[in-house]
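Worksheet: one structure, shown below.
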Amino acid sequence: MKDSMSYDAVMARKNDIMRTAVGMDYSQFERGKIAFDYEAMMAATGYTIEEIMRVQSLFSVGNTPIIELKNLTALARKLAPKGKGARIFIKDEATNPSGSFKARRSATSVYQAKKMGYKGVIAATSGNYGAAVASHAAMAGLKCIVVQECFDSRGVGQPEIIEKARKCEALGAEVIQLTVGPELFYMFLILLEQTGYFNASLYTPYGIAGIETLGYEIANQFRAKYGRDPDAVVCTNAGGGNLTGTARGLRKANCNAKIIGASVNLKGLHMASDEQFNKKSFTTGHTGFGIPFATNPDRSDVPRSAGRPLRYMDRYVTVTQGSVFYITESLASLEGLEKGPAGNTALAAAFKIAQEMDEDQMIVVQETEYTGAGKHINPQLWFARQNGIDIHFGDPKDEIPGKNIILPAHPSLIDVTDLDLNHIRRSHIKNAVGMHKDELTDVDIKYLIDETKSDEAFVKNAIAAL
């Protein structure tokens, strides 16, 4: 009897579909009541970091330059207390063939798909990753489908998402655009099942292992050029893979730089709301993804996500939409570098955090992305106005997501808001424990300690408070 295509039926067999589409049996890593062996899952890729670098070189990915932002550093120092103002750097990932760091994720995934004999790859993504998968699928001679959450119920799509779709199609992908809501994952599963293609998910061990080379390169490039490690690395945080992979690569290079996550504050907007979908001006790198994926990583399109940012994060800050637009324009006008919004989220945070650090310290933003057409700040601000968003200069602290975008009246007004990591850790523990509070084993406790980068006392107190 033909399998039912009803929503409930497809969801009921999602684990079987995903197991077939990734070629990895996730059940082998399960331990205790809630735990799984994360490092064993990562090791199951079978690739060393040196082998991943070799694979990525086949696609002309990696070895991207480190650029010192001397003019932005000088501006930060003008605003900082005497003796403060760390040197600011970026890792220019826009020089990868598809224009973003996600080429590192894609190269390993597409290579694995080709190696395992899949005829094509499918990715569910708003676009940068889809462009990378499309690019590498073309190089590898594989078919590519990108499933994209694009429109509200009126058929209106954000300029940035439309731009990303254009790039995916230009690189040879078939792009399936859907309205906001649960149909994205449903359609994704159906396509995986019907085509037999590889699930080039953002969250497989192959994808996260691909990002490890980014952190590894940062450490080695700083040592070669400056004779030392950076003091802090700022990562734009959404689904958690960017920060996770970068941090793992830094640690594999024995670099102990402070790991700082940064997201755009979109508090109050619901990412799956049809009415609010076009009220935001950022499609990634915001709290609508950053918080839910930090507190519940396995909400992704694989049974166990390899992106687990709380394992590595030392600090988590938010910035406003207006501050990111301002720093994007500043980067272009002061440094001659025009980059897209995702990496500039971390740059806005780094600009402020540098003012807290000593002048002899170094802070690096670990990725940039290409910009153009709908990704540029001008169409983004135009679209915001079309959706009733008030845009003016003032103090960004007064910004209300979905109501206004406040561009800083002066660069001294760019600021960060620290999120309570312990609160986020407790939320993650609550989600992980579920109904198993009285059934946890020592293995489960150790797992929660690793998951939250905490200690036994913190975990047990969090569980007792449930």
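The values are calculated or read from the model by the stated rules, or taken from the named source; none is laboratory data. Predicted, not measured: the structure shown is a model, and the values here were computed from it. All Cβ positions, glycine included, derive from the backbone under ideal geometry; neighbour counts span all protein chains shown. Only protein heavy atoms, including side chains, enter the accessible area calculation; ligands, DNA and RNA are left aside. Shrake-Rupley method; radii C 1.70, N 1.55, O 1.52, S 1.80 Å.
Ranking His136, Leu184, Asn344 by how far each Cα lies toward the positive end of the dipole of the chain (charges on Cβ) leaves His136 at the top. Sequence-distant contacts, meaning Cα pairs under 8 Å at least 6 residues apart, place the relative contact order of the chain at 19 percent. Inter-label distance, Asp358 to Asp314: 1.4 nm, where each label sits 7 Å from its Cα along the C-beta direction. Rounded to the nearest 20 debye, the dipole magnitude of the chain is 480 debye, with +1 charges on Lys and Arg beta carbons, -1 on Asp and Glu beta carbons, and the Cα centre as origin.
Compute the accessible area per residue over region 295-444, keeping the other protein chains in place, probe 1.4 Å, unit Å².
On the way: 5850 Å² over 150 residues.
That works out to 39 Å² for each residue.
Accessible surface computed residue by residue for region 45-138, with neighbouring protein chains in place and a 1.4 Å probe, gives 35 Å² per residue. Which whole-number percentage describes the relative contact order of region 345-466, with Cα contacts under 8 Å and a sequence gap of 6 or more? Relative contact order for region 345-466 comes out at 16 percent.
With each label modelled as a point 7 angstrom along the Cα→C-beta vector, the Lys403-Lys252 pair spans 4.6 nm. Look at the dipole of the chain built from charges on Cβ: of Gly155, Asn220, Gly307, the Cα furthest out on the positive end belongs to Asn220.
Under 1.5 on a/c is rounded, so check that first for the chain, then, if it is not, pick prolate when a/b is larger than b/c and oblate when it is not; a ≥ b ≥ c are the square roots of the alpha carbon gyration tensor eigenvalues. It would help to have the intermediate numbers written out before the result.
Values: a/c = 1.35, a/b = 1.22, b/c = 1.11.
It comes out rounded by the Cα gyration axes.
Would you compute, from DSSP H runs of 4+ residues alone, the mean residue ellipticity of the chain at 222 nm, taking -39500 (n - 2.57) per run and dividing by the full residue count, rounded to the nearest 500?
Values: 18 runs with 208 residues, N = 466.
Taken over the chain, the calculation gives -13500 deg cm²/dmol.
Here the label points at Asn71 and Met5, each 7 Å from Cα along the C-beta direction, are separated by 5.5 nm in the simple model. When each full DSSP H helix of the chain is screened for a Cα extent of at least 30 Å along its own axis and an average Kyte-Doolittle hydropathy of at least 1.0, none passes.
Order these peptides, 102-109, 313-320, by their mean beta-carbon neighbour count within 10 angstrom, highest first.
On the way: 102-109: 31.0, 313-320: 23.5.
Packing proxy ranking, top to bottom: 102-109, 313-320.
Comparing Ile406, Tyr447, Asn387 along the charge dipole axis of region 353-466, the residue lying farthest to the positive side is Asn387, per the Cβ-charge model. Compute the distance from the alpha-carbon center of region 399-444 to that of region 238-303, in whole Å. Cα centroid of region 399-444 versus Cα centroid of region 238-303: 10 Å apart.
By DSSP, the beta bridges lying fully in the chain are antiparallel in about 20 percent of cases. Using C-alpha pairs under 8 Å with a sequence gap of at least 6, the mean separation divided by the residue count of region 320-366 gives a relative contact order of 32 percent. The magnitude of the dipole of region 153-238, with charges of +1 and -1 set on the Cβ of Lys/Arg and Asp/Glu and taken from the Cα centre, is near 240 debye. With both residues required to sit in region 55-194, DSSP beta bridges show an antiparallel share near 25%.
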